[in-house]
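Reviewing the structure listed below.
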Amino acid sequence: MVITKEDVLKVIDKIVEVIRENKEYLTELDSAIGDADHGINMDRGFEAVKQKLATIPENSDIGTILKTVGMTLVSTVGGASGPLYGTAFMRAGQAVQGKTELTEEDVVKIFEAALQGIKDRGKAQAGDKTMIDSIEPAYKALKESLENNIALPEALKRAVNAAKEGMEYTKNISARKGRASYLGERSIGHIDPGATSSYLMIKALADVINLL
Amino acid sequence: MVGIVLVSHSRKIVEGVFELVNQMTRGKVPIGIAGGTPDGRLGTDAAEIVEQVKKVDRGEGVVVLVDIGSAVMSAQTAVELLGEEYEGKVKIADAPLVEGAVAAAVEASIGSDFEKVLTVAEEAKKMNKL
Ligand SMILES: Nc1ncnc2c1ncn2[C@@H]1O[C@H](COP(=O)(O)OP(=O)(O)O)[C@@H](O)[C@H]1O
Ligand SMILES: [Mg+2]
């Protein structure tokens, strides 16, 4: 399966839409264990992405598009999720520099680069109650499925399920990174907002690819 | 002279620290501030930090002071974005924002070099208050 530049732009549009629809929900999750701004931050960032992408040259490759998304997020989101998701998209862009089409392997590379970027930036690991708890299981499920010759749309569905499980798991653990870590044990019982926005983005990707 | 950039989630915090530090050094030290988002919310903007580093750079290095949360990660992102040209010339001090800024600025104002300003800023975290 080949993913075109147009498909990538469709995925980004879908993410913008899903974040907008979940703005209140994400903020509500952040009000329980943070500072009640995650939905506002993310929506502000992805609205800016939408505007920015409308102005980039027609012939931009996928790497440039993803890097532009990252650059826009680092300067408009505001909260910790800004440099984290911003770095993720910039690293993903570097991983597919110059490409106008993506293969299955490129999608894996994108996930790998994004995850590594978030880890480099935030120094968190799986189990710290962050976005990594959704993204890492999704990455592993995707990679394993593709290695077993499962087609990309189905492999992405499995990645979404893994992300969802990871997101739900954050409810049972206490935060060791980010603002919620100030609450320690008292953060147990609440789903992490960043793990939720990551799940939503991965789901947006899978939904668009499954409709192609 | 070594430049200094102050980074916080809150614009008011960096404006306040700037006022305090600038008075002590009588405007001699180039000090930049980055705080809040372009649309006036609490938050940090890596692109603004990049701009401020460039603005206060006099060729002798720039020390960045940060407070908490995204200030640290945005400053690290900014250092990465500044790239090779700034490698080794811009560093984030592992120091408290207010105390570190005062120590760094006073040190810079007497003409100390980059490494010295950075060290003095980082020593501020060991300062006993009582
Ligand atoms: N060091 C980190 N590593 C990975 N993810 C993190 C880290 N710190 C915070 N996060 C994620 O960021 C989310 C909070 O984002 P947001 O509310 O936008 O930023 P802030 O905490 O600055 O208000 C958390 O729910 C968590 O998933
Ligand atoms: Mg928040």
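Laid out as a table, the results:
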quantity	calculated
Burial of 20 Å² or greater, segment B:23-42 residues [accessible area, probe 1.4 Å, versus chain by itself]	B:38, B:39, B:41
Nitroxide proxy distance, nm - points 7 Å out along Cα→Cβ at residue B:68 and residue B:10	1.0
Apportionment of accessible area to carbon and sulfur, chain B, percent (1.4 Å)	54
Chains B and A together, accessible area buried on both sides, 1.4 angstrom probe, square angstrom	1500
Occluded residues from segment B:55-84, i.e. those whose accessible area drops by 40 Å² or more once the chain is not alone (1.4 Å probe)	B:73, B:76, B:77, B:80, B:81
Residues in segment A:103-132 reached by a label modelled at residue A:1 [backbone nitrogen below 18 Å; 7 Å Cα→Cβ]	A:103-112
Solvent-accessible ranking of A:185, B:48, largest area first, probe 1.4 Å	A:185, B:48
As computed over segment B:3-126, the Cα convex hull volume per residue (Å³)	85
Shielded residues, segment A:67-96 - accessible-area loss of 50 Å² or more between chain alone and all protein chains, probe 1.4 Å	A:74, A:75, A:78, A:83
Helix axis angle, A:152-169 relative to chain A longest principal axis, alpha carbon, degrees	10
Ranked order, A:139, A:25, A:85, A:182 - accessible area, probe 1.4 Å, largest first	A:182, A:25, A:139, A:85
Accessible area per residue, Å², segment B:3-126 with all protein chains present, probe 1.4 Å	45
Residue-span extension gain [residue A:171 to residue A:147] - 0.36 nm each, minus C-alpha spacing	5.6 nm
Listed residues B:58, A:44 arranged by accessible area, highest first, probe 1.4 Å	B:58, A:44
Accessible area per residue, Å², segment A:1-104 with all protein chains present, probe 1.4 Å	41
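The values are calculated or read from the model by the stated rules, or taken from the named source; none is laboratory data. Quantities reported herein were computed from a predicted structural model and do not represent experimental measurements. Ideal geometry is used to build each Cβ from the backbone, glycine not excepted, and the neighbour counts take in all protein chains shown. What goes into the accessible areas is simple: the full protein's heavy atoms, side chains included, and nothing from ligands, DNA or RNA. Shrake-Rupley method; radii C 1.70, N 1.55, O 1.52, S 1.80 Å.
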